[in-house]
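Note sheet for the following structure.
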Amino acid sequence: MAAEFAPAPLRVDTTRLSSGDRQALVRLIEAGRVVDDIFLDQLWSGNRALEERLAADRSPLGKTRQELFQLYKGPWSDLDNHRAFLPGVPERKPPGANFYPEDMTRQEFENWASDAAKGFFTVIRRQPASRALEVVPYSRAYRSDLERAAKLLREAAALTDNLSLKRFLETRAAAFLDDDYYASDVAWMDLDAPIDITIGPYETYNDELFGYKASFEAYIGLKDEVETAKLDNFTRHLQDVENNLPIDAAYRNPKLAASMPIRVINEILSSGDGNHGVQTAAFNLPNDERVILKKGSKKVMLKNVQHAKFDSTLTPISRVVLPAAAQPNFSFDWFFTHILAHEISHGIGPHETVVGKKTSVRLALKDLYSSIEEAKADSTGLFMLQLFFDKGILEGGEANERKLYDTFLASSFRTLRFGIHEAHGRGMAVQFNFLADHGAFVERPDGTFEVNYAKVKGAVRDLTHLLLTIEAQGDYAAARNLLDRLGVLRPSMTAALEKLKDIPVDIRPIFVTADELTSNRQ
Ligand code: ZN
């Protein structure tokens, strides 16, 4: 189990921060660690006692158990259907985690529940005497931890010289104590600072009973200036890309709306639900519809986490699926640049159907939408980068083009590895098979795959045309046909995937910079 997650030391250069920011950062890392304590409580009532018991075992097995406990934030594996991997604990994670009394049934809750009981930021407990259910707000349930975290955020707010960060930290500290997260979610949308932080209760996946209760998580990092500049450059030319999309001119949007803001950061610490099982490489927040209506949402990409995953999982995959001659072309820079292009490609192309009754592409393509849209973002991303090469917006040349396409080919196996029952995997199978059928991806006799550079540009163009046209026409039948025909694993792909079995699934970050910064303060 431990071998499924390759240890990945995360180091981030903090020397360019102002002295106020450097001191603020230490407080924020400490606040992030408080979030770990809260999340352990949220996931299971027995977690803190178990953590102490594990810490007492100094044997090698004990140490590994402790590491896995810290990774899964409890004794159950998310990769194994929440089954227990430690002795002496319930066989499976309670579906309601520690958000509800473990002996409460769905029916009991539904007969009793008010709106407050269904809120994001409350837990349900039993009154000691009557055993009746009661609603306890987070600010009361986790009072001492939240007071500690709020104090650290306020200290950091006083130390930083960045106004948007100051504003977020002050409003979020207030929210920890009164459970009203609206103003601080709005401040988070406006946050643009050398130190980037997301901290609070957000996702509701751990509440498998109802999906009401938000888990605490934190991501703390520094803004990546190089990638931010690259993104700004892409965004400046986005209308130009739209105007050149390989579709009927009537399907193009003459005036793009402002796109979703994207921040690229290097992670110093993630904690709580943000450092739970398979590691987050990018996230989209907030979830509150009221904030989304007013301010939209924001995407944060964790570049060094992507890099660590690339080194630990993708590089070994590339050695299996690419021929030796193509190995030197395998490149993190082009992997990450394509991810950026993928993300901004979600913002271009048709979002409303053009043929017949006007509706959103999402509604028209229903259950098939995610697979088609993810494939479209990959393919349009490749098309966009080729256009940037051709127009001199990006430094192209044969060498960089080869890096882009070879890296894309190898990385497609990382996505396929997670199976075709999920939108990204299914969309990737469509692309892989389309490109193979058009002679752009070629299987070699030794079971590796290579790119035909003469054919790949035209094939990507045709694929982009196909996907965008299905979206513009809201053509459910065509989407169905495409996914049935190409959203499959063919024998050559299955054979390659078979050879990837022993490669780690993900990483287990070790927060070297965070540990160094906080040990100096004590
Ligand atoms: Zn996407």
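The values are calculated or read from the model by the stated rules, or taken from the named source; none is laboratory data. Bear in mind that the values here come from a model prediction, so they are computed numbers and not experimental data. So basically every Cβ, Gly included, is an ideal-geometry build from the backbone, and we count neighbours across all protein chains shown. Heads up: the accessible areas ignore ligands, DNA and RNA and are worked out on the full protein's heavy atoms, side chains in. Shrake-Rupley method; radii C 1.70, N 1.55, O 1.52, S 1.80 Å.
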(request) Would you confirm whether any residue within region 73-88 is out of contact with any Ser or Thr (no Cβ under 6 Å at 6 or more places or on another chain), surrounded by 15 or more Cβ atoms within 10 Å (Cβ to Cβ), outside any helix (DSSP H, G or I) and among the aliphatic types (A, V, I, L, M)? (result) yes
(request) Can you work out which of the residues in region 298-352 that are of a type in the set (D, E, K, R) and at pLDDT 95 or above is least open to solvent (accessible area, probe 1.4 Å)? (result) Lys309
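Name every residue in region 245-274 that is in contact with a strand residue (DSSP E or B) (Cβ under 7 Å, 6 or more places away or on another chain) and either modelled with pLDDT under 95 or of a type outside the set (Gly, Ala, Ser) (or both), in order of residue number.
Going through region 245-274, the residues in contact with a strand residue (DSSP E or B) (Cβ under 7 Å, 6 or more places away or on another chain) turn out to be 260-274.
Met260, Pro261, Ile262, Arg263, Val264, Ile265, Asn266, Glu267, Ile268, Leu269, Asp273 - these are the residues of region 245-274 that are in contact with a strand residue (DSSP E or B) (Cβ under 7 Å, 6 or more places away or on another chain) and either modelled with pLDDT under 95 or of a type outside the set (Gly, Ala, Ser) (or both).
Yes or no, residue by residue, for (1) open to solvent by 60 Å² or more (accessible area, probe 1.4 Å); (2) in contact with a Lys or Arg (Cβ under 7 Å, 6 or more places away or on another chain); (3) of a type outside the set (Gly, Ala, Ser):
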| position | (1), (2), (3) |
| --- | --- |
| Asp367 | yes, no, yes |
| Ala375 | no, no, no |
| Asp378 | no, no, yes |
| Phe388 | no, no, yes |
| Val456 | no, no, yes |
| Leu467 | no, yes, yes |
| Ala479 | no, no, no |
(request) All but one of (1) surrounded by fewer than 24 Cβ atoms within 10 Å (Cβ to Cβ); (2) at pLDDT 95 or above; (3) more than 20 Å from Ile262 (Cα to Cα) hold for Phe216, so report the exception by its number. (result) (1)
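Going residue by residue through region 221-239, is there one that turns out to be assigned by TED's automatic domain parsing to the domain that holds Val12, assigned to a helix (DSSP H, G or I) and touching a Phe, Trp or Tyr at 6+ places or on another chain (Cβ under 8 Å)?
Looking only at region 221-239, we keep the residues that are assigned by TED's automatic domain parsing to the domain that holds Val12, and these are 221-239.
Of the ones still in play, those that are also assigned to a helix (DSSP H, G or I) are 225-236, 238-239.
Next, from what is left, pick out any that are touching a Phe, Trp or Tyr at 6+ places or on another chain (Cβ under 8 Å): 227, 234.
Taking every residue of region 221-239 in turn, at least one turns out to be assigned by TED's automatic domain parsing to the domain that holds Val12, assigned to a helix (DSSP H, G or I) and touching a Phe, Trp or Tyr at 6+ places or on another chain (Cβ under 8 Å).
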(request) Mind listing whichever residues of region 355-365 are surrounded by fewer than 21 Cβ atoms within 10 Å (Cβ to Cβ) and not β-branched (Val, Ile, Thr)? (result) Gly356, Lys357, Lys358, Ser360, Arg362, Leu363
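Given the residues Leu404, Leu416, Leu409, Leu394, which is the only one that is under 24 Å from Ser312 (Cβ atoms), at pLDDT below 95 and aliphatic (A, V, I, L, M)?
On the way: Leu404 fails: at pLDDT below 95; Leu409 fails: at pLDDT below 95; Leu394 fails: under 24 Å from Ser312 (Cβ atoms).
The conditions single out Leu416.
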(message) Out of everything in region 327-378 that is within 14 Å of the ligand (Cβ to nearest atom) and acidic (Asp, Glu), what residue ends up being nearest to Ala472 (Cα to Cα)?
(response) Glu373
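For (1) out of contact with any helix residue (DSSP H, G or I) (no Cβ under 6 Å at 6 or more places or on another chain); (2) at pLDDT 95 or above; (3) exposed (fewer than 15 other Cβ atoms within 10 Å of the Cβ); (4) part of a loop (DSSP other than H, G, I, E, B), each residue gets a yes or a no:
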| site | (1), (2), (3), (4) |
| --- | --- |
| Arg11 | no, yes, yes, yes |
| Arg27 | no, yes, no, no |
| Gly32 | yes, yes, no, no |
| Val35 | yes, yes, no, no |
| Gln42 | yes, yes, no, no |
(message) If I ask for residues that are within 14 Å of the ligand (Cβ to nearest atom), surrounded by 24 or more Cβ atoms within 10 Å (Cβ to Cβ) and within 24 Å of Ala324 (Cα to Cα), which ones from region 406-439 would you list?
(response) Met428, Gln431
